[in-house]
Amino acid sequence: MTSPAQPQGAAAPSADRTLATTGLVAYGLLGLPLAAATLPVYLLIPSYYAVELGLGLSAVGAVLFATRIWDVVSDPVIGALSDRTGGRFGRRRPWIAAGAPVTALGAWLLFAPGEGAGLGHLALAAFLLYLGWTMVMLPYSAWGAELSRDYDERSRIAAAREGFVVAGTLVAAGLAAWSGDAQRADGLRYVGLLVVVALPLTALALFRLVPDPPPENRTHTDWRQGLKVLSLNRPFRRLIGAWLLNGVANGLPATLFLLYADHHLQAPEQSGLLLLTYFSTAIVGLPLWLRLARRFGKHRVWCGAMVWTCLWFSAAPFLGPGDVWLFAAVCVATGLALGADLALPPSMQADVVDVDTAEIGGAARTGLYFALWGMATKLSLALAVGIAFPGLEALGFDAQAMTQGAVSAAEAGDTTALAWMYGFAPIVFKLGAIALVWSHPLDAARQAALRERIEAQNAQQAAGGV
């Protein structure tokens, strides 16, 4: 008999069964409008509001940093509540259904600001977008982690989601490139329209075609005991620290990408094509990283991908005006490694939730763990913006003056600081992430042992044991 929490026609799978292709695509598809709604905030919005709307680099950076930090407060609350939500619609669906319209409204306000929009408009739009995104993304990510207990199948599910996330960024970048640099406002408006239309449609496909697995049992842990176990979860601590550092490393070049292409390479007409190249390569590389992870383990393959990225980023400060083809090679190489950054760490996060569940029993606190993961993601991107723009201004780079022709784009004193911030600073953070995750203790064998222990606890509780 089908549980009331399951969509009609979508039977609840065994937690170890491979998810069918239809369900995998339906699950991953929601990532497309979510990415189109948020990732361009770091690629397109900062330079658009700071330079083209004339609000200034430091002011825009401060507003985006403040709204992102405030948004972090909502993450653990929504994550914990989604773990405890019940009823005929399941645990995750109600939050996604409620958050989708908030996300769409915030995206439209942010990407179609209208004439005379100032810092207040930016703050309100970013606040709504971040709140709605949290209400959707946290339950959505936890849902994916609960679809399978298998070490490698979790990577496949995460890769499907993140592949569509990259596709969403690719579509958003494509719309901006198609509109051209002179009509960047039109491109942003098209992105907002895409989110408004696609978000409810992909959420409906998710609800209809993907099962929302019930918790393994309904026992919930006392929050004091849960916090103690969480603080002692060494694999989680090291993994989230590495994710935070790597997030800053990825956020810095993402924030500075358009400024680097426009002013250092002096190729604003090529910036859209370079973005498309970067994200297209990430999608192409996903199957490669999945195969390597099955053979060598997720954490070692992720470390290898970060080392590869560092080698290529080290070339960026030495490029100059007109070196578009050389920079395109950097985009291809680092875009390839982005696939590992996107697919493998979330799969590893699902594994560290098993450590928590095995230690204290009860229902898995997947939503809470992914909320903390989301907090680290947002903090890393906020730090990237908070470091990049004030740092550039402190070093004498004035993008607005260069755009208006007050300063020559060929002045080395201006673009050298930009080039080193773009290429060298990410390497420092990635090396820290590698140091943290290189000795990650969870491989396929240890994760399987954790799952056996959890199964034994569930069987004992079902039989009335303590």
**Report entry** Within segment 90-127: backbone nitrogen closer than 15 Å to the VAL73 label point (7 Å, Cα to C-beta)
**Finding:** 124, 127
**Report entry** Tail beyond 22 Å, pair distance distribution of segment 34-174 (Cα, percent)
**Finding:** 45
Query raised in the report: So for the pair GLU269, LEU232, with labels modelled 7 Å out along Cα→Cβ, what separation do we get in nm?
Result: 6.4
Report task. Give me the Kirkwood hydrodynamic radius of segment 22-457, using the inverse of the mean 1/r over all pairs of distinct Cα atoms, in Å to one decimal. Result -> 21.8
Report summary line: Scoring only Lys, Arg, Asp and Glu (+1, +1, -1, -1) among other residues with Cβ under 14 Å from the Cβ of VAL284 yields 0
Query raised in the report: How do 162-172, 449-459, 349-359, 187-197 rank on mean C-beta neighbours within 10 Å, highest first?
Result: 162-172, 349-359, 187-197, 449-459
Requested in this report: Sum up the charges of everything whose Cβ sits under 13 Å from the Cβ of MET306, counting Lys and Arg as +1 and Asp and Glu as -1, but leave MET306 out.
Outcome: +2
Report task. Highest first, please rank the peptides 76-85, 251-260, 269-278 by the mean number of other Cβ atoms sitting within 10 Å of their residues. Result -> 251-260, 269-278, 76-85
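FYI, it's all coordinate maths here, none of it is from the lab. Treat the numbers as computed from the prediction; the structure is a model and nothing was measured. Virtual Cβ from ideal backbone geometry, glycine too; neighbours counted across all protein chains shown.
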